[in-house]
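Bear in mind these aren't lab numbers, they're just calculated from the coordinates by the rules spelled out. Keep in mind that what you see is a predicted model, and the values were worked out from it rather than measured. We place every Cβ from the backbone using ideal geometry, glycine too, and count neighbours over all the protein chains shown.
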Amino acid sequence: MSDKEMQAHDNVRWRNWSRAATLYDQILSSPPLVSNRAQKDRHIICLLGRCECLLELGKYESCLNDARKVLSMLSEQQTDCLASVSRTRRWLVHALCKLKKYTEAEKLLTEWISELQQQQGFGDICKTLERYKSVIQMLNGGNKSTQKIHNSRLEDEMNILDTKLDHWATNNLPLDKYSKPLSNKGIKKRENPTQNGASNNITAVMQKNTDLLAALKVSGSNKSISDDSTGGGENGNSTTCSYCAITFNSRNELRQHCQTEAHQNVIMSDEGRDWKWRPPPRGFTLDSYSLCESWTESQLCHYGNQCVEAHGVDELNEWKDRFEYRRMRVQKACEKELYGKSYTELVLERWIQSTVPEKIMSEKVEGIEAQCEQDLVTSISSKSSKREW
């Protein structure tokens, strides 16, 4: 694998779609020097990576072309590549729906369902695909004069179903040799010898702070609310936060409001639906939810309501639904430019995209020494707490 390929794959895992797509364009535009099995595999991985980038960047026609190439090439492989095939099919359906090519998307889903029904263990995901197909059928028909509001709700449901498919294909299926280089699962972080010893710690901090946002799929919009020349919400000159129902005198005031804890709590909330079970634990992403072994075995748990694992399959499924609901709310806030990035997130974003990351963030700066006489590690007794150093 060349250095440029490694950089491209890294940028996919960091969700830096534009940079990754540029690298893939350069790689795929050059004909391979040799045409053996290893080279074909690398070509498929690059196409797979670019396909995801194009989808996230909203370049749906180009995404369709790459997705079809990938599926054609994967169909010729002898090895198991269900994860890569499933992810590519999900991207293909998503792109077709964005282009309103509903008939073609419905046909693809029908074929997909038929294939999975011939195998064991895919009953639940087949139900999701069936519902996805039903939603597409409803979007493709109906009375257009009375369909606007109805379509909006259907599109919301389609986003949730698409998220379920994404989670299943990315997290539930075992990685194959094509999807593994593009996934954070099972990938050991490579060290760059040109960076100082702080790189590992910085990477760990970056990963910890961005895991939840990455899981929530906060992407696809490169606009910034701090730019007064760009629109906000649904009106280019809007200074209203539609989530908190507050109007401000300027875009700068709106930007400051979007960074407040109160606003963040609103857009990250899963209120608005009647939930039956305990709320999911904070700080966990969808793929880290799990069943409590003690509860499963004896219907008893030493931790009670404080347990961070689900007490039953129904509660686990509701936790996943609540996470997906929050993901959709945050994505909508991003699209309306009402998601205020924190200072930490802005710095981490610059760090990821920088060609010289040690100039953005480093443990040590020449000529400056920082000391703290207090213990930097602390424990808290409640979720609402404050600590100063």
When a/c reaches 1.5 or more, the comparison of a/b and b/c decides; with that in mind, is region 17-96 rounded, prolate or oblate per its Cα gyration tensor?
oblate
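What shape does region 3-188 take by its C-alpha gyration tensor, where a ≥ b ≥ c are the square roots of the eigenvalues and a/c under 1.5 counts as rounded, a/b above b/c as prolate, and the rest as oblate?
Numbers: a/c = 2.04, a/b = 1.59, b/c = 1.28.
Prolate, because a/c is 1.5 or more and a/b exceeds b/c.
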Compare the Cα positions of 338, 319, 303 along the charge dipole of region 303-342 (+1 at Cβ of Lys, Arg; -1 at Cβ of Asp, Glu; about the Cα centre) and return the one farthest towards the positive end.
338
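What FRET efficiency do you get for residue 127 and residue 373 if R0 is 41 Å and r is their Cβ-Cβ distance, rounded to the nearest 0.05? Walk me through the intermediate numbers first.
Details: r = 59 Å, r/R0 = 1.43.
Result of the calculation: an efficiency of 0.10.
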Calculated FRET efficiency for the pair residue 308/residue 114, C-beta based, R₀ 30 Å, to 0.05
0.15
Distant-in-sequence amide H partners of residue 291 (H built 1.01 Å from N, under 5 Å)
310
Computed lengthening from residue 76 to residue 294, 0.36 nm per intervening residue step minus Cα-Cα distance:
73.9 nm
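If we count other beta carbons within 10 Å of each Cβ, what is the order of 295, 389, fewest first?
Numbers: 295 18, 389 8.
By the 10 Å Cβ count, ascending, the order reads 389, 295.
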